[in-house]
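What follows draws every value from the coordinates through simple rules; no lab data is involved. What you see is a predicted model; the values in this text were computed from it and never measured. With ideal geometry, Cβ positions are generated from the backbone for all residues, glycine too; neighbour counts draw on all protein chains shown.
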Amino acid sequence: RRSGVQLQVVRGDAPHVLENLPEPDVVRITGGGADVIAAAADRRPERIAAHVPTRDAAELAGRRLAERGYRVDCSLLQSVALDAEQWTEKGRSVGFLLCGELLRNRP
């Protein structure tokens, strides 16, 4: 609220939970895969940010966004847990962040 942003967190099973919501300006998706991302894109928000766990999921989600008129950027997110006493790896995780921006000259 400090920045004048009206935020609404919605819990439920997507994409069905989207049906009775007003049209969004921006959507953040943290699960559900390409079908949920496509359903959100069909609502035509200006921007969509989505986190997916694998390269294949990122490629499919990116295709779904592009097919719906979004310019897509994708970044690989990687983190490595370190043992601070021995400075050795304890674990590694990766994910992909997709950012879609609606192109204005598309329906």
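Can you name every residue in segment 7-28 that is among the β-branched types (Val, Ile, Thr) and in a strand (DSSP E or B)?
Val26, Val27
With the structure loaded, tell me whether Gly31 is surrounded by 10 or more Cβ atoms within 10 Å (Cβ to Cβ), in contact with a helix residue (DSSP H, G or I) (Cβ under 9 Å, 6 or more places away or on another chain), free of Cβ contacts under 8 Å to residues at least 24 places away in the same chain and not in a helix (DSSP H, G or I) or whether it fails that test.
no
Look through Arg11, Arg47, Arg64 and report the one residue that is at negative phi, loosely packed, with under 13 Cβ neighbours inside 10 Å and of a type in the set (Lys, Arg).
After ruling out the rest, the residue left standing is Arg11.
Here are some conditions: (1) crowded, with 16+ Cβ neighbours inside 10 Å; (2) of a type outside the set (A, V, I, L, M); (3) out of contact with any Leu (no Cβ under 7 Å at 6 or more places or on another chain). Gln78 meets all but one. Which one does it not meet?
Result: Gln78 passes all but (1).
Can you tell me how many residues within segment 44-82 are in a helix (DSSP H, G or I) and within 24 Å of Leu18 (Cα to Cα)?
Going through segment 44-82 one residue at a time, the tally reaches 11.
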